[in-house]
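K.L.:
First, the structure itself, so that you have it in front of you.
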Amino acid sequence: MSKHGWHADASEILRVGEGFRLADIDPATTPGYQGDKRRGQKDLATRVHDLDELQERLWAESRADETTDAVLLVLQAMDSAGKGGIVRHVVGGVDPQGVELAAFKAPTDEERAQDFLWRIEKRLPAPGYIGVFDRSHYEDVLIGKVRALADAAEIERRYDAINEFEARVAATGTRIIKVMLHISPQEQTERLMERLDRPDKHWKYNPGDVDERMLWPDYMDAYQRVFDRTSTDAAPWYVVPADHKWYARLAVQELLLAALKDIDPQWPVADFDVAAEKARLAAS
């Protein structure tokens, strides 16, 4: 086992590649990681310091106008799969001044009057930021397909538009990490039931979630089509088994760490004479 419990590279083992089948992925597994929940929680806490430093370096580099790099984390999942937990326990461990969160709900009338990517482009992270999309433009080819909110030709057009859009965004220096948190219907039942059992969780319960559960096979087919059509070199998809919350958080943390290490942001070099400033400060 490695120092942090991973025996395989998360960005490789979780990546959607040629021949990928969502139906082959067990949501209760912990691919690439050999530790248990206790070890995973410890590693998550330890690695958050690495993530925080890399994010601060990225932020500092951008403040010195020395980079156009940014990171965009796209989170997609069935309800109760743990998107909020990723935001709180993974992204929440870094300095919030360098994070931009966008939670996309149903489009407004103004947004419906535009192309579906219009509202997405407005929320892309600026250089130096980690952007997080809690749901995203993929709703337009998931719900859009399952609920027949657009015809087949329009859905196909959207796949192509997404690929072109993401390639353009990646070319500007934004690393795109697209994550599907893959939960089983059985685990979702338990999580939704917990919300009903606890008055402090009632605010999180949406009766419409049960309606969406009735369409589970259709959603899994829609996700498979998304992976087939939009997992690209510029913006790959990663499927993270999510029945174990601790593993899902740990895996997304590893994906973010890998992207930031690849960027390798550096502390900006001082544009003043450090020795001279020390002397001035000591004499003041």
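K.L.:
Give me the distance between the Cα centres of segment 203-260 and segment 107-172, rounded to whole Å.
P.N.:
So the separation of the two Cα centres works out to 16 Å.
K.L.:
Taking only the alpha-carbon atoms of segment 99-160, what semi-axes of the equivalent ellipsoid follow from 5 times the gyration tensor eigenvalues under a square root, in whole Å, largest first? Write down the numbers at each step before the final one.
P.N.:
Numbers: eigenvalues 108, 28, 24 Å².
After scaling each eigenvalue by five and taking roots: 23, 12, 11 Å.
K.L.:
Sticking with this one: With angles folded into 0 to 90 degrees, how steeply does helix 152-171 sit against the dominant principal axis of the chain? Use alpha carbons for both and round to 10.
P.N.:
The answer is roughly 10 degrees.
K.L.:
To check you understand DSSP bridge types, tell me what percent of the beta bridges within the chain (both residues inside) are antiparallel, rounded to 5.
P.N.:
Details: 2 of 25 bridges.
Just about 10 percent of them are antiparallel.
K.L.:
Sticking with this structure for a sec: 222 nm [θ] for the chain, helices only, -39500 (n - 2.57) per DSSP H run of 4+, per residue, to 500?
P.N.:
Values: 12 runs with 137 residues, N = 284.
That comes out to -15000 deg cm²/dmol.
K.L.:
Still on this structure, please answer the following. log₁₀ I(q)/I(0) of segment 1-97 at q = 0.10, 0.12, 0.17, 0.19 Å⁻¹, via Debye over equal Cα point scatterers, no solvent, to two decimals?
P.N.:
Listed by q, the Debye log ratios stand at -0.37, -0.54, -1.04, -1.22.
K.L.:
Ok, one more. For residue 83, which lysines qualify as cross-link partners when the Cα separation must be under 26 Å and same-chain residues fewer than eight apart are set aside?
P.N.:
37, 42, 105, 122, 145, 178, 201, 204, 245, 261
K.L.:
Here's a follow-up. With a 1.4 Å probe and all protein chains left in place, how much of the accessible area of the chain comes from carbon and sulfur atoms, in whole percent? Numbers along the way, then the final one.
P.N.:
Working: 7210 of 14410 Å².
The value for the chain is 50 percent carbon and sulfur by accessible area.
K.L.:
Relative to the longest principal Cα axis of the chain, at what angle does helix 216-230 sit, 0 to 90 degrees, rounded to 10?
P.N.:
In the chain, helix 216-230 runs at an angle near 50 degrees to the longest axis.
K.L.:
Now, a different point. At 10 °C and 1.306 mPa s, grab the translational diffusion coefficient of segment 53-125 from Stokes-Einstein with a Kirkwood Rh over Cα pairs, rounded to a whole number in µm² per second.
P.N.:
110
K.L.:
Same structure, new question: Under a point-charge model restricted to the Cβ atoms of Lys and Arg (+1) and Asp and Glu (-1), what is the dipole moment magnitude of segment 1-40 relative to its Cα centre, in debye to the nearest 20?
P.N.:
Numbers: 6 positive and 6 negative charges, 60 e Å.
Dipole about the Cα centre, nearest 20: 300 debye.
K.L.:
Please report how far the C-alpha centroid of segment 1-75 lies from that of segment 177-202, rounded to the nearest whole angstrom.
P.N.:
Rounded to whole Å, the Cα centres lie 22 Å apart.
K.L.:
Which three lengths, in whole Å and largest first, does the chain cover when its Cα atoms are put on their principal axes?
P.N.:
Ordered largest first, the chain gives principal extents of 73, 46, 42 Å.
K.L.:
Once every Cα of segment 131-259 carries one equal point scatterer and solvent is ignored, give the base-10 log of I(q)/I(0) from the Debye formula at q = 0.20 Å⁻¹, two decimals.
P.N.:
-1.30
The values are calculated or read from the model by the stated rules, or taken from the named source; none is laboratory data. Note that the coordinates shown come from a computational prediction; the quantities given were computed from them, not determined experimentally. Positions of Cβ are generated from backbone atoms using ideal geometry, with glycine treated the same way; all protein chains shown enter the neighbour counts. Areas reflect the complete protein model, heavy atoms only, side chains present, ligands, DNA and RNA absent. Shrake-Rupley method; radii C 1.70, N 1.55, O 1.52, S 1.80 Å.
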